[in-house]
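Q: Dropping a structure here in structure tokens format, bear with me for questions.
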Amino acid sequence: MRYLYLHGFASSPDSRKARFFIEKLNGIGIRLEALNLAPDFRNLTISGQLAVIHDAAHNQQVVLIGSSLGGYLAALYAAGHPETVDRMLLLAPAFDFHRLWQKELGAGKLSEWRESGTILIYHYGAGRKTPLGFQLMEDAAKYPAFPNIKQPCLILHGLNDEVVPYEKSARFAAGHPDNAKLLPVDSGHELTDVLSGIWDKSSSFLSSTNHREPI
């Protein structure tokens, strides 16, 4: 069983959450691989990131830990690869990603982005503003807002999340009552202030040797 960490949008495999889970899982004898999902940020797409996950998985059994956009990607990948994804931990997953961006930017900014071809985005991993092509939106429109997964899925989402509303995860969990469990936490989107509590709630799920056990 391999463990893969999927970082969020405009983040990196060296994020605080990635390093936290690498350290914690290493402490119980599990190696977590943090993937670089966006080596070419300007040309970023959902399809491209799913290809990175697929290449890293090598058709082996995997456990996925995904943060924000990485959580949405984990669910998308799991829906398309039920034979290889064993279970997943999703942290404030960005379900309904395409609609979230439409709402955040508004029609005017979306139109400007489409016409100019790129938009400047602050990239937390790089520590600077970086251009991002409109192909991200065009590609994201092809994917389901709430992927239909069959694997066990544990979701932790901040009740005060102003980036991805808690209700997105609530809707997803309601649609998967037999295999998804949603745990609300008193935090915002980043969840970095409650990492110890998140570990307490997720460590047994992540380290379980009973594959595909129900939530």
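Q: Here is a check on your reading of the model: is Ala107 among the small types (Gly, Ala, Ser) and either touching a helix residue (DSSP H, G or I) at 6+ places or on another chain (Cβ under 6 Å) or under 18 Å from Leu206 (Cα atoms) (or both)?
A: Details: among the small types (Gly, Ala, Ser): yes; either touching a helix residue (DSSP H, G or I) at 6+ places or on another chain (Cβ under 6 Å) or under 18 Å from Leu206 (Cα atoms) (or both): no.
So Ala107 fails the test.
Q: Check Gly108 against each of (1) out of contact with any His (no Cβ under 7 Å at 6 or more places or on another chain); (2) crowded, with 16+ Cβ neighbours inside 10 Å; (3) over 17 Å from Asn43 (Cβ atoms) and name the one condition it does not meet.
A: Unmet condition: (2).
Q: Taking Ser196 as the residue in question, decide whether it is at pLDDT 95 or above, among the hydroxyl-bearing types (Ser, Thr, Tyr) and either within 16 Å of the chain's Cα centre (by Cα) or under 27 Å from Arg99 (Cα atoms) (or both). Spell out how you get there, then give the answer.
A: Details: at pLDDT 95 or above: yes; among the hydroxyl-bearing types (Ser, Thr, Tyr): yes; either within 16 Å of the chain's Cα centre (by Cα) or under 27 Å from Arg99 (Cα atoms) (or both): no.
Against the criterion (at pLDDT 95 or above, among the hydroxyl-bearing types (Ser, Thr, Tyr) and either within 16 Å of the chain's Cα centre (by Cα) or under 27 Å from Arg99 (Cα atoms) (or both)), Ser196 does not qualify.
Q: Any chance you could count how many residues in the stretch 166-189 are free of Cβ contacts under 8 Å to residues at least 60 places away in the same chain, of a type outside the set (Val, Ile, Thr) and over 22 Å from Ala79 (Cα atoms)?
A: Of the stretch 166-189, the ones free of Cβ contacts under 8 Å to residues at least 60 places away in the same chain are 166-167, 170, 173-188.
Remaining after also requiring of a type outside the set (Val, Ile, Thr): 166-167, 170, 173-184, 186-188.
With the extra rule that they be over 22 Å from Ala79 (Cα atoms), the set shrinks to 184, 186-188.
Summing the residues that are free of Cβ contacts under 8 Å to residues at least 60 places away in the same chain, of a type outside the set (Val, Ile, Thr) and over 22 Å from Ala79 (Cα atoms) in the stretch 166-189 gives 4.
Q: I would also like to ask the following. Looking at the stretch 116-149 only, could you name the residues that are free of Cβ contacts under 8 Å to residues at least 40 places away in the same chain and either hydroxyl-bearing (Ser, Thr, Tyr) or farther than 19 Å from Phe41 by Cα (or both)?
A: Residue satisfying the conditions is Ser116 alone.
Q: Then there's this: From (1) in contact with a helix residue (DSSP H, G or I) (Cβ under 8 Å, 6 or more places away or on another chain); (2) under 29 Å from Asp193 (Cβ atoms), pick out the condition that doesn't hold for Gly80.
A: It fails just one condition, (2).
Q: Report those helices (runs of 4 or more DSSP H) wholly inside the stretch 104-215 carrying at least 3 residues which are hydroxyl-bearing (Ser, Thr, Tyr) and within 27 Å of Leu32 (Cα to Cα).
A: Numbers: elements: 135-140, 166-174, 195-207.
Ranges flagged: 195-207.
Q: Sticking with this one: Mind listing whichever residues of the stretch 1-27 are of a type in the set (D, E, K, R) and either part of a strand (DSSP E or B) or over 22 Å from Gly127 (Cα atoms) (or both)?
A: Across the stretch 1-27, the qualifying residues are Arg2, Glu23, Lys24.
Q: In the set Ser187, Ser207, which member is touching a Gly at 6+ places or on another chain (Cβ under 9 Å) and at pLDDT below 95? Please lay out each step first, then the result.
A: Details: Ser187 fails: at pLDDT below 95.
Just one listed residue meets the conditions, Ser207.
Q: Do any strands (runs of 3 or more DSSP E) entirely within the stretch 28-98 hold 3 or more residues that are crowded, with 24+ Cβ neighbours inside 10 Å and hydroxyl-bearing (Ser, Thr, Tyr), and if so, which?
A: none
The values are calculated or read from the model by the stated rules, or taken from the named source; none is laboratory data. No experiment lies behind these values; they were computed from the predicted model shown. No Cβ is skipped: glycine too gets one built from the backbone with ideal geometry, and neighbour counts run over all protein chains shown.
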